[in-house]
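Here's the structure, in structure tokens; my notes come after.
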Amino acid sequence: MIRFAAVVSSLLLLAGCMSQQPAPTVDRAGSAAPRSSASQQPTGPGYYTVKRGDTLYRIALEHGQDHRDVAAWNNIANPSSIKEGQVLRVIPPGAAEPVDGAVARPIATTSGVEARALDQPVVSPQASSGLLKREPRVGKEPYSDEAYARLNKAPEAAKPAEIKPEVKPETPPATPAVAAGPDDVAWMWPSNAKVSAPYSDAGNKGLDFAGKAGDPVLAAGDGKVVYAGSGLRGFGELVIVKHNATYLSAYAHNRKILVKEGQQVSRGQKIAEMGNTDSETVKLHFEIRKQGKPVDPAGYLPKR
């Protein structure tokens, strides 16, 4: 009896073990983790990923934009709240994305099919201009030797109209100080001081002018002040003027700024006083930026 009871107990214990739920397993096919929101953020031309040490002001300058516009496009209330890895739109919403520094635009095309009523006669451009006769007029004329000779004489080829050479009015040589296109700027020198350091691709991204504290700093062209302050490290008291969709100019190390953000300025207007903020010496550091990229101002300013 005791042995029978032991056997029954063993069977009951085994059945209890078999009735337990199996251990959970991972469904590798259907349990893939959802993609992070970062991977769904837009990238590529027209967008910029924030790096360590970036500021909204510098990002805007590097892309030729007003920092207030960049903040608005990205719903940023506090310019200092951007974080590393954040993706920012740096072109206006709805604008064509740049392709290798250019802007893609659709090519205008015209239809080669002419719309006209079915009963309307076909008139070629030559016919409408009187250069082509579609069919000769037929008339009756009494026979004579003169008429016979005239009708069988080969028509003379039409003499081409005499082409006179085009005389263009004399124009003075082009100068960088004259705006030739819609995005060109009539540049002028921002200071009468001597250039102490030229532009360099590997170093100085503009021209440095050595002057005295308080010397006038002039707007190099008409435009709107998009930045006035000291928020960009290395520039001191800085003024940035946006001239159009292509060009910005920057004026750094001032001791005093005389304009405000959003203010329209005219070419030659005094916008600051030369100083040495964030610099070891009194100087004006001047930059011209084309689509946010520094270019050599010497190629744009008129010759002295």
**Item:** Amide hydrogen neighbours beyond the local backbone of Gln269, cut-off 5 Å, H modeled
**Value:** Ala219
**Residue-span extension gain [Gln269 to Ser81] - 0.36 nm each, minus C-alpha spacing** = 64.2 nm
**Message:** Take the residue pairs Lys51/Lys270; Lys51/Lys212; Lys270/Lys293; Lys83/Lys194; Lys194/Lys224 and return only those whose Cα atoms are more than 31 Å apart.
**Reply:** Lys51/Lys270; Lys51/Lys212; Lys83/Lys194
**Among 60-70, 291-301, the order from most to least packed when residues are scored by Cβ within 10 Å on average** = 60-70, 291-301
**Item:** Scaled radius of gyration (Cα, divided by 2.2 N^0.38 Å) that segment 194-299 gives
**Value:** 0.96
**Order by protection proxy (mean Cβ within 10 Å, highest first), peptides 181-191, 47-57, 73-83, 241-251** = 241-251, 181-191, 47-57, 73-83
**Request:** Quick one: which residues, 5 or more positions from Gly64 or on another chain, have an amide H under 5 Å from its amide H? H modelled 1.01 Å from N in the peptide plane, none for Pro or chain starts.
**Result:** Gly292
**Highest average packing first - 211-218, 276-283, Cβ atoms within 10 Å** = 211-218, 276-283
**Request:** Quick one: Debye curve from the alpha-carbon atoms of segment 41-93 only, equal weights, vacuum; give me log10 I(q)/I(0) at q = 0.15 Å⁻¹ to two decimals.
**Result:** -0.32
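No value in this document is a laboratory result; all are computed from the given coordinates. In this text, all values refer to a predicted model and were calculated from it rather than measured experimentally. With ideal geometry, Cβ positions are generated from the backbone for all residues, glycine too; neighbour counts draw on all protein chains shown.
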